[in-house]
1. Do we find a residue being touching a residue at least 40 places away in the same chain (Cβ under 8 Å) and more than 21 Å from residue 105 (Cα to Cα) anywhere in the stretch 16-25?
2. Can you name the residue in the stretch 108-120 that is of a type in the set (A, V, I, L, M) and assigned to a helix (DSSP H, G or I) and is also modelled with the highest pLDDT among such residues?
3. For residue 94, indicate whether it is modelled with pLDDT under 95, buried (at least 18 other Cβ atoms within 10 Å of the Cβ) and not β-branched (Val, Ile, Thr).
4. Within the bounds of the stretch 15-30, is there any residue that is β-branched (Val, Ile, Thr), out of contact with any Ser or Thr (no Cβ under 9 Å at 6 or more places or on another chain) and farther than 16 Å from residue 84 by Cβ?
5. Tell me, yes or no, whether the stretch 52-59 has at least one residue that is surrounded by fewer than 16 Cβ atoms within 10 Å (Cβ to Cβ), touching a strand residue (DSSP E or B) at 6+ places or on another chain (Cβ under 7 Å) and over 15 Å from residue 12 (Cα atoms).
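The values are calculated or read from the model by the stated rules, or taken from the named source; none is laboratory data. Everything quoted here is computed from the prediction, not taken from an experiment. Every residue, glycine among them, receives a Cβ derived from its backbone with ideal geometry; neighbour counts consider all protein chains shown.
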Amino acid sequence: MTAIDFSKSVKSALAQRAAYICANPDCRCLTLTLAGDDVSKVAYRGRAVAVCGADGGPRHDAGMNGNQRKAIDNAIFLCTKCAEITSRNKGAHYPATVLRDWKEQHKRWVRANLNLRQEEPVQLRLVRAAALRIDNTASASVPLKRHK
């Protein structure tokens, strides 16, 4: 077994927490699009990816048990392209520390940028944006490989 099969509830909660946006800070694409001409259908391009994979999989951690591997804390929400790229070569170019950092950055980004009340003062939005930039600068000590 090389991939972790997360439960439907974990996949759903993860996607919702990520606002259906890829957690890779260099991507952040929306993973929902209209499917053709039918406005009632949506194409979904997101995946729950294991931060620490199963035996033989990307970023395997022998210290984790099966329940820990299948938990939402061990999952990150990525678009299909980023999910594929981060899992190549057993995740050698994207270690667990990088994926955990992406997940934490994304959580802060979603909170700072989405679901803002209209009556929220512009000054407060600017403070949030500045705080996010400071957080990103502080956590940017791990070099992130850009992909296209």
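1. There is no residue in the stretch 16-25 that is touching a residue at least 40 places away in the same chain (Cβ under 8 Å) and more than 21 Å from residue 105 (Cα to Cα).
2. Step by step, filter the stretch 108-120, then rank; the result is 110.
3. yes
4. no
5. Within the stretch 52-59, not a single residue is surrounded by fewer than 16 Cβ atoms within 10 Å (Cβ to Cβ), touching a strand residue (DSSP E or B) at 6+ places or on another chain (Cβ under 7 Å) and over 15 Å from residue 12 (Cα atoms).
Okay, residues lined up against (1) within 30 Å of residue 127 (Cβ to Cβ); (2) not hydroxyl-bearing (Ser, Thr, Tyr):
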site	(1), (2)
9	no, no
13	yes, yes
24	yes, yes
37	no, yes
46	no, yes
58	no, yes
70	no, yes
73	yes, yes
83	no, yes
